[in-house]
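This report refers to the structure that appears directly beneath it.
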Amino acid sequence: MSGLEPTQRKKGSGSLEQLLNSEADFSIANGDAVTVLSSIPDGSTDLILTDPPHSDRAPYLELSELWNAVLGLEPDFAREIVVSNARDRQKCVSEYNARMREFATVAIPKLSWRGAVVVQFNARDPLSWEFLREFESGVKGSGVSFRGTFPITYSANSVVQDNRKGALTSDFALIFAPTTLDVSQFSRLEGWTVVHPLETLEANASYVR
């Protein structure tokens, strides 16, 4: 017998509905991010963490095909938010930005009053940052805006990472949250700044390929 009270006993995994009803401790959903987020009630989420493909910094679509073949998966490539340099893929930067803006309009309303969206991102081309304007300006009068960022240094180099001339050496964790949320505790993080990386990118021509 467990020494825990019934309300304290671990409930394990369950469906998203069970999690929202406090009938499960966690839920794992494997699917299109925008579709899954759409099923979550507005105002119910404290953290949305996303690490989307960083424009054309790596052949994400081609690499995912390789691993999906190994795993025996058949994802909907038409819905994949990615950039591919292969013309027949029709996965250009403008399409990428449009899909990420779609993600923004779905994700931001899901945040609770203390919630935040954290986007791990970096790119050398200013156009690849365009979708973040949707986060910066807020969506549907949510009051969500850019609150600050800190660098995430790569732990290792590999052929999968961008290894071209002028390759980037870190990502940024960009925090978007309601203006009412106190983010002062982040000032203790190494490299924390409220200056948007895009401002540095646009001001430093050597940063652009």
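The values are calculated or read from the model by the stated rules, or taken from the named source; none is laboratory data. Because the structure is predicted, anything quoted here is derived from the model rather than measured. Cβ placement follows ideal geometry from the backbone for every residue including glycine, while neighbour counts extend to all protein chains displayed.
Observations on the model:
One line per residue, one yes/no per condition, for (1) outside the structural domain of SER145 (by TED's automatic domain parsing); (2) surrounded by 14 or more Cβ atoms within 10 Å (Cβ to Cβ); (3) within 19 Å of SER145 (Cβ to Cβ); (4) not charged (D, E, K, R):
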| position | (1), (2), (3), (4) |
| --- | --- |
| HIS54 | no, yes, no, yes |
| ALA58 | no, yes, no, yes |
| LEU73 | no, no, no, yes |
| ARG89 | no, yes, no, no |
| CYS92 | no, yes, no, yes |
| ARG101 | no, yes, yes, no |
| ALA104 | no, yes, yes, yes |
| VAL119 | no, yes, yes, yes |
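- Test for ILE81: is it closer than 15 Å to THR35 by Cβ, buried (at least 16 other Cβ atoms within 10 Å of the Cβ) and in contact (Cβ under 8 Å) with a residue 40 or more places away in the chain: yes
- Within region 85-97, residues that are on the phi < 0 side of the Ramachandran plot reach partners that are part of a helix (DSSP H, G or I) and not aromatic (Phe, Trp, Tyr) with beta carbons closer than 6 Å, at six or more positions or on different chains, in the pairs VAL93/LEU127; VAL93/SER128.
- Helices (runs of 4 or more DSSP H) completely within region 54-137 that count 2 or more residues being modelled with pLDDT under 85 and not polar (S, T, N, Q): 60-71, 132-137
- Only one of the numbered conditions (1) outside the structural domain of PHE172 (by TED's automatic domain parsing); (2) out of contact with any Phe, Trp or Tyr (no Cβ under 9 Å at 6 or more places or on another chain); (3) over 26 Å from VAL119 (Cβ atoms) is violated by ASN30, and that is (3).
- When region 138-165 is filtered for residues that are small (Gly, Ala, Ser) and at pLDDT 85 or above, the ones remaining, listed by number, are SER145, GLY148.
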